[in-house]
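In what follows, a single structure is set out as structure tokens and then discussed.
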Amino acid sequence: MNKNKFYWSLQILGWSFYAIINIIVANIVLGNQGTVAIWYFPLITEAVFFLLATHFFRFISKRLKWIYLSIGLLSIRVVLSSIIIGSSIYLLRIGVSFVLDLYGSESLSLANILGNTFPNTLVVFIWSLFYFIFQYFDRYNKSLKHEAELHQMELNNLKSQLNPHFIFNSLNSIRALVDENPIKSKTAITQLSNILRNSLTTDQNKVARFEDEIKIVKDYLSLETIRYEERLQTEVVIHPKSYDYYIPPLMLQTLVENGIKHGISKLKGGGSLSIHTTIDNDQLKIQIRNTGKLTSQNIDGINVRGLGISNTKKRLKLIFNNKAHFRIINETPNTVLTEIILPKV
């Protein structure tokens, strides 16, 4: 059911129920069925007046965009509108009752008008309260949905930047092997196909299983070990509970690639890269250490030379908000530490 149908269903059912309650009360007060029947018409007419008046009130409030007003200004408009609608409906019901000869002139006394206008005003005010509460929640949900869509678009854009970047570097690694070692190049192509197949499935989601991501990293390190031979030494130590966690797709591989590209590849004698994970306070801590040294830093102490680092920071912010932590520092004069701390999702 769309919102318009839902609104009219509530309007008709709500004011029908209001008319029925008034008729029941009239039966109880007047007691005599013969004399009560004629009272049904003004009571039913009053419910119709309420339906039309509240619908007109809704039309005006939407046209003038009251939902965007401050609570103070909106409250003043709602109270004044409730008083005007409540008193108008009472006067309309009195008009119908005069035609049916149900009320005398005493019904137009100030005491009667005030006494009967107040309940009508209260009814309209309660209707307005429910209406604007619904509108505020609807507006809030729309803003959340819009924000989520923007975040998803940004995440997709970030992932689309990573894939060509990763493929380009992997193909460069394989190209270096084709002439000098065809057998190893075939093995490398198989490993690359495994990585691409995994990345295609995980790329559809904003998070992926840590187990799948570490497999991609191991294949990538195998590719790089073939390329660098004895110049690259690797170590991977994974805490068993790490496999219960989820991380952004290709994030881990990108950070490992960053360590090799900006650290080890620039050293004549090569170096080492290690990946260690631990669980602390129900959080996954991933530490990547590589031989090398940071030479350019921004004011937060984060190296931003490549796409991978800035991309990682944005993705962690979008997915985990402020619950994830990232840093990259010179742990020793010859060792760079990249550390990510992730909550469990």
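Here are the numbers for this structure:
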quantity	calculated
For region 204-266: rounded, prolate or oblate by the Cα gyration tensor [a/c cutoff 1.5]	prolate
FRET efficiency, 1/(1 + (r/R0)^6) with R0 25 Å, evaluated for THR332 and GLU230 via beta carbons	0.65
Per-residue Cβ neighbour rank within 10 angstrom, fewest leading, ARG139, ARG77	ARG139, ARG77
Sum of side-chain charges, THR335 neighbourhood, beta-carbon under 12 Å (Lys, Arg +1; Asp, Glu -1)	+1
Above-threshold pairs, the threshold being 25 Å between Cα atoms, out of LYS5/LYS142; LYS186/LYS241; LYS206/LYS266; LYS206/LYS241	LYS186/LYS241; LYS206/LYS266
Three-way shape call for region 181-342 based on the alpha-carbon gyration tensor, with the a/c threshold at 1.5	oblate
Among 79-85, 248-254, 57-63, the order from most to least packed when residues are scored by Cβ within 10 Å on average	248-254, 79-85, 57-63
FRET efficiency estimate (nearest 0.05) - Cβ-Cβ, ILE238 to ASN2, R0 45 angstrom	0.35
Distance in nm between pseudo-label sites at HIS325 and THR278 (7 Å out along the Cβ direction from Cα)	1.2
Modelled FRET efficiency - R0 45 Å, SER193 with ASP138, Cβ distances, 0.05 increments	0.40
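FYI, it's all coordinate maths here, none of it is from the lab. No experiment lies behind these values; they were computed from the predicted model shown. Note that we place each Cβ from the backbone using ideal geometry, even for glycine, and neighbour counts take in every protein chain shown.
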